[in-house]
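The values are calculated or read from the model by the stated rules, or taken from the named source; none is laboratory data. Everything numeric here is computed off the predicted structure, so don't read it as measured data. So basically every Cβ, Gly included, is an ideal-geometry build from the backbone, and we count neighbours across all protein chains shown.
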Amino acid sequence: MKAALLQLNASDDPTANLTVTTAMVRQAVDMGAEFVLTPEVTNCVSLNRAHQKKVLRHEDDDETLAALRALGSEHGIYVLIGSLALKTEDADGRFANRSFLIGPDGEVIARYDKIHMFDVEIDNRETFRESAGYRPGSQAVIAHTAFGPIGMAVCYDMRFPRLADALVSAGAQVLTYPAAFSPVTGAAHWHSLLRARAIEAGAWVIAPAQTGTHPSQTGTERQTYGHSLVVDPWGDVSLDAGEAPGVYVLDLHMEKVADARRRIPARDNARPFDGP
């Protein structure tokens with residue numbers, strides 16, 4: 001099965017971003033992709049809450065979701081929208097960071113709201129309080145496809161192996177971690193965390209990413225790490241996109257899942273224990 005990762009340098013203008021994203025999806029289709037994956041916050045990268053309130057939409061009105069559903073149907077492909085920043089009906093006005101899997105008929109197969117919020121103080125240059133603008137989800141999600149079950153997660157979720165374990169216990173053979181990852185923590189942890197999740201799960205790990213310095217009409221320009229990554233079930237890196245925006249295509253051989261789990265049957269060997 002041929003998959004394509006879109007590595008984006010999205011701005012805080014959803015309409016402009018959509019033009020770029022749809023062109024990349026069409027390029028991926030021309031390259032033979034059957035499964036196209038976009039990064040976290042595909043529609044809008046912004047640190048300015050007031051600006052987000054002006055440009056973001058509810059799910060039913062979001063132009064990016066509508067357009068990518070139409071493209072999925074037009075070309076008969078699966079599309080993982082890594083996530084969209086969406087308005088909600090929450091009284092406190094917080095947004096949802098929501099991932100979608102679109103089927104070849106253009107219908108939404110599954111939705112997943114990012115569970116773990118990136119509330120950190122990395123250093124005096126990088127402090128994030130994602131929960132101030134986004135409300136966390138509470139439901140782990142498996143999406144069923146013709147090529148196997150997918151466990152859906154987003155970015156910071158990769159630091160929580162219990163979520164990956166729950167997804168694999170429910171049957172996931174692919175784990176998706178679309179991201180807009182910090183350059184500091186990316187350089188330190190991105191490859192190690194994603195390889196660890198793949199090895200522990202004996203599953204494909206696919207992580208399409210935002211990259212570079214993101215144009216902003218208002219406020220601070222955010223920077224992200226890039227390096228969209230695919231790790232096979234044995235823990236080998238099958239694709240590292242580096243820092244350039246673009247379309248990156250590779251073949252996923254799903255039989256590698258069973259092979260890795262046969263060679264290291266860690267889940268079968270797990271035992272209950274007491275304490276500490």
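Just a few scattered comments:
- Residues within the range 171-183 that are more than 22 Å from N9 (Cα to Cα) and in a loop (DSSP other than H, G, I, E, B), tallied: 3
- Here the helices (runs of 4 or more DSSP H) wholly within the range 184-276 that include at least 1 residues being of a type in the set (D, E, K, R) and touching a Lys or Arg at 6+ places or on another chain (Cβ under 8 Å) are 255-263, 266-269.
- Filtered residue count, the range 62-79, keeping only those that are of a type in the set (D, E, K, R) and buried (at least 22 other Cβ atoms within 10 Å of the Cβ): 1
- In the set (1) crowded, with 24+ Cβ neighbours inside 10 Å; (2) modelled with pLDDT under 95; (3) not hydrophobic (A, V, I, L, M, F, W, C), the condition left unmet by R197 is number (2).
- Test: D92 is acidic (D, E), surrounded by 15 or more Cβ atoms within 10 Å (Cβ to Cβ) and either at negative phi or out of contact with any Lys or Arg (no Cβ under 8 Å at 6 or more places or on another chain) (or both): no
- Any hit, the range 149-156, residues being modelled with pLDDT under 95, within 16 Å of R98 (Cα to Cα) and either outside any helix (DSSP H, G or I) or in contact with a Ser or Thr (Cβ under 8 Å, 6 or more places away or on another chain) (or both): no
- Set P183, P136, P161, P178: member being touching a residue at least 12 places away in the same chain (Cβ under 8 Å) and in contact with a Gly (Cβ under 7 Å, 6 or more places away or on another chain): P178
- For A172, the conditions (1) surrounded by 24 or more Cβ atoms within 10 Å (Cβ to Cβ); (2) in contact with an Asp or Glu (Cβ under 9 Å, 6 or more places away or on another chain) are fulfilled apart from (2).
- Residues of the range 157-182 satisfying the condition of being modelled with pLDDT of 95 or more and within 24 Å of H214 (Cβ to Cβ): D157, M158, R159, T176, Y177, P178, A179, A180, F181
- In the range 22-29 there is no residue that is touching a Pro at 6+ places or on another chain (Cβ under 9 Å), of a type in the set (V, I, T), modelled with pLDDT of 95 or more and surrounded by fewer than 17 Cβ atoms within 10 Å (Cβ to Cβ).
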